[in-house]
1. Under the classification rounded if a/c is under 1.5, otherwise prolate if a/b is larger than b/c and oblate if not, where does the stretch 50-146 fall, given a ≥ b ≥ c as square roots of the Cα gyration tensor eigenvalues?
2. Residue by residue through the stretch 89-100, which ³J(HN,Hα) values in whole Hz follow from phi under the Karplus form 6.51 cos²θ - 1.76 cosθ + 1.60 (θ = phi - 60°), with glycine and proline marked x?
3. If you count only protein heavy atoms with a 1.4 Å probe, what accessible area per residue comes out for the stretch 50-146, rounded to a whole Å²?
4. Using only the Cα atoms of the stretch 3-86, build the gyration tensor, take square roots of its eigenvalues as a ≥ b ≥ c, and label the shape rounded, prolate or oblate: rounded if a/c is under 1.5, else prolate if a/b is larger than b/c, else oblate.
5. Only loop residues by DSSP count here, and only those with at most 12 other Cβ atoms within 10 Å; note down the trypsin sites (Lys or Arg not before Pro) in the stretch 1-88 that meet that.
6. Determine which lysines satisfy two conditions relative to K106: a Cα distance under 21 Å, and not lying fewer than 8 residues away in the same chain.
Amino acid sequence: MRCPFCGNIDTQVKDSRPAEDHVSIRRRRFCPACGGRFTTYERVQLRDLVVVKTNGRREDFDRDKLERSIRISMQKRPVDPERIDQMISGIVRRLESMGETDIPSKTIGEIVMEALARIDTVAYVRFASVYKNFQAADDFDKFVSELRPDTPPEE
Ligand SMILES: [Zn+2]
């Protein structure tokens, strides 16, 4: 990291620790050339997250796809849409704060199931049953198309 005071590129990290939000790392740096001190924050960028499929293929994480699969499994369930948004943001935050940019698709599925289980059992069962077949196919679009409630619940 280049020193912002003198331009020296050989600066030292004095100490690293999680920032208060726990999704970034705060590093205190020292420049031995000019004695300058500065702080940097390092965080995972959402666009940098890569999903590693079980067959080893990689693709950029797509929040919309995740959201689509969750919304389909929540269809016609009596859950406040705002709560679903919060859940999705929470899942994304968890992924971002894992400290790794490469995330196995399996891990994402497990986190989603865990979150769904806490909110709505029916949605959880829908998601989980399709997810199990999906692991073999590992094709997200197919997954989303299969993830449909069989019959709309009686009103
Ligand atoms: Zn310097």
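The values are calculated or read from the model by the stated rules, or taken from the named source; none is laboratory data. Keep in mind the model is a prediction, meaning the values are calculated, not measured. Don't worry about glycine lacking a Cβ; one is built from the backbone with ideal geometry, like all the others, and counts go over all protein chains shown. SASA here: full protein model, heavy atoms, side chains in, ligands and nucleic acids out. Shrake-Rupley method; radii C 1.70, N 1.55, O 1.52, S 1.80 Å.
1. oblate
2. With coefficients 6.51, -1.76 and 1.60, one gets 4, x, 5, 4, 4, 5, 5, 5, 8, 6, x, 10 Hz.
3. 55
4. Prolate shape, in that a/c is at least 1.5 and a/b is the bigger ratio.
5. R2, R57, K76
6. The reachable lysines, counting only those whose Cα sits under 21 Å from K106, are K53, K65, K132, K142.
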